[in-house]
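No value in this document is a laboratory result; all are computed from the given coordinates. Treat the numbers as computed from the prediction; the structure is a model and nothing was measured. Using ideal geometry, Cβ is built from the backbone for each residue, glycine included, and neighbour counts are taken over all protein chains shown.
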Amino acid sequence: MKDDFVSMASHELRSPLTIIRGYADILKGVSGLSDEDKKNIERIDIAAKGLDNLVADILDVSRLNQGRLSVKIQDTDIKEIVKNIAESYQHNAEEKNLSLHIEIGDVPHIAVDPDRVRQVIVNLIGNAVKYTKKGEVAIKLFVEGKNTVLRVSDTGIGMSEEERAELFGKFYRIRNEETRDIKGTGLGLWITKQIVEMMNGKISVESIKGVGSHFIVKFPVIEKT
């Protein structure tokens, strides 16, 4: 009953959120707006987008718990997906005075769900930018043995060994002075791990507290016949 209620409530929230964001987009195009009006409209859109992301996470958790989250595995060129997502975070990085490095090798296709692999990459790069106050974020895509490897590295807050052990747990968040003002539910990495494993991949993390983190995702390359 709880799972059904969460699923129903999340679906019902989607419609009004879509309407709010739609009207915010319309208001952005209205002429004669003051700078303060534009800022307020942008705040509305950012808040609605944040709530929309939360609803999406809750829906995914509900589907995963009920075994209803499906992946549509297909031959996928991951190079363009990584490139486009990484470049979309360039502005966010620049706003924080971070360097964003992208290195994409000549990697073969992999068998994944394109939409779900986008979700994974957005989560990892988004987290790297969000948790890095200075320095750089580096995205590297390359082949290692029989795997295509995505490595997202940062010079952020890093983690202790104890924090790393709990990192992929549901609702787990690292809580300290450095993360106090960073918003999140603690669901993103749990969902990411479940999706990666559903697509026959593996995810791991290497990190040193105060130095930075490296998230590594591996997917088997498609064997040529």
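Would you list which lysines come within 16 Å of Lys38, measuring only between C-alpha atoms, while excluding same-chain residues fewer than 8 positions from it? The qualifying lysines are Lys28. The angle between the Cα long axis of helix 35-66 and the main principal axis of the chain comes to about 50°, on a 0 to 90 degree scale. Cross-linked pairs Lys134/Lys193; Lys72/Lys140; Lys79/Lys170; Lys49/Lys218; Lys79/Lys146: Cα-Cα separations exceed 23 Å for Lys134/Lys193; Lys72/Lys140; Lys79/Lys170; Lys49/Lys218.
Cross-link partners of Lys83 among aspartates and glutamates, defined as those whose alpha carbon lies under 20 angstrom from its own and excluding same-chain residues fewer than eight positions apart: Asp75, Glu94, Glu95, Glu103, Asp106, Asp113, Asp115, Glu136, Glu144, Asp154. Just add up the charged neighbours of Lys72: K/R +1, D/E -1, any other residue whose Cβ is under 12 Å from the Cβ of Lys72. For residues surrounding Lys72, the net value is -2.
How would you rank 65-71, 33-39, highest first, on the average number of other Cβ atoms within 10 Å across their residues?
Per-residue mean Cβ counts within 10 Å order the peptides as 65-71, 33-39.
Would you mind classifying the stretch 1-120 by shape? Square roots of the alpha carbon gyration tensor eigenvalues, ordered a ≥ b ≥ c; an a/c under 1.5 is rounded, otherwise it is prolate if a/b is larger than b/c and oblate if not. Verdict is oblate for the stretch 1-120. Look at the Cα gyration tensor of the stretch 34-81: its axes a ≥ b ≥ c give a/c of at least 1.5 with a/b at or below b/c, and that counts as oblate.
Note on the stretch 15-132: dipole from Cβ charges, positive end direction compared against Leu33, Ser70, Ile125; the farthest Cα belongs to Ser70.
Magnitude of the charge dipole for the stretch 2-66, about its Cα centre and with charges confined to Cβ atoms of Lys, Arg (+1) and Asp, Glu (-1), is about 40 debye.
Binning all Cα-Cα separations of the chain at 5 Å, short to long from zero, yields these whole-percent fractions: 1, 6, 12, 16, 17, 17, 14, 9, 5, 2, 0, 0, 0.
Extension gain for the segment Asn200 to Ile19, taken as residue separation times 0.36 nm less the Cα-Cα distance, is 61.5 nm to one decimal. Based on Cα contacts under 8 Å between residues 6+ apart, the chain shows a relative contact order of 18 percent. Please state the shape class of the stretch 68-127: rounded when a/c is under 1.5, otherwise prolate if a/b exceeds b/c and oblate if not, all from the C-alpha gyration tensor. It is oblate, given that a/c is not under 1.5 and a/b is not larger than b/c.
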